[in-house]
Amino acid sequence: MTIRSKIPAMSVVVLAVALSGCANMTNQQQRALSGGAMGAAGGAAIAAMAGGGLVTGALIGAGGGAAIGALLPDGWTGHKSSSQTATSK
């Protein structure tokens, strides 16, 4: 067998091990991880469109996304519910 034929199997094993590490994470840790991943993708995309460095954009986006994900409280939805707006008047 060549190395090329082993790459898909190795990729599946690495992905399974990486995803199993997320099972014992708290909600805050999961939000920080997903925020960092989405921020990295968004930062790299913006840097590519703006003609900047992809790595720099990804690092800035990952840092911002991870920070925002970690700092958001549990149950945050991004908008006020109708019960909150009715009681605040």
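Out of the residues in the range 14-44 meeting the condition of being exposed (fewer than 10 other Cβ atoms within 10 Å of the Cβ) and of a type in the set (Val, Ile, Thr), tell me which one is farthest from Ile68 (Cα to Cα).
This residue is Val17.
Could you list, ordered by first residue, the pairs with Cβ atoms under 6 Å in which the first is in the range 62-77 and farther than 22 Å from Ile46 by Cα and the second is among the small types (Gly, Ala, Ser), at least 6 apart or interchain?
Listed pairs, sorted by first residue: Ala70/Ala32.
Among the residues of the range 17-31, what is the count of those that are under 14 Å from the mean Cα position of the chain (by Cα) and of a type outside the set (A, V, I, L, M)?
The number of residues fulfilling the criteria is 6.
Restricting the search to the range 17-32, which residues are among the aliphatic types (A, V, I, L, M), part of a helix (DSSP H, G or I) and at pLDDT 80 or above?
Ala32
Looking at Ile68, Ile46, Ile7, which one is in a helix (DSSP H, G or I), β-branched (Val, Ile, Thr) and more than 17 Å from the chain's Cα centre (by Cα)?
Ile7
I'd like to check something: does the range 29-43 contain any residue that is more than 25 Å from Thr77 (Cα to Cα) and out of contact with any Pro (no Cβ under 9 Å at 6 or more places or on another chain)?
no
The values are calculated or read from the model by the stated rules, or taken from the named source; none is laboratory data. In this text the structure is predicted, and so the values were computed from the model without any measurement. Neighbour counts run over all protein chains shown; Cβ positions are idealised from the backbone, glycine included.
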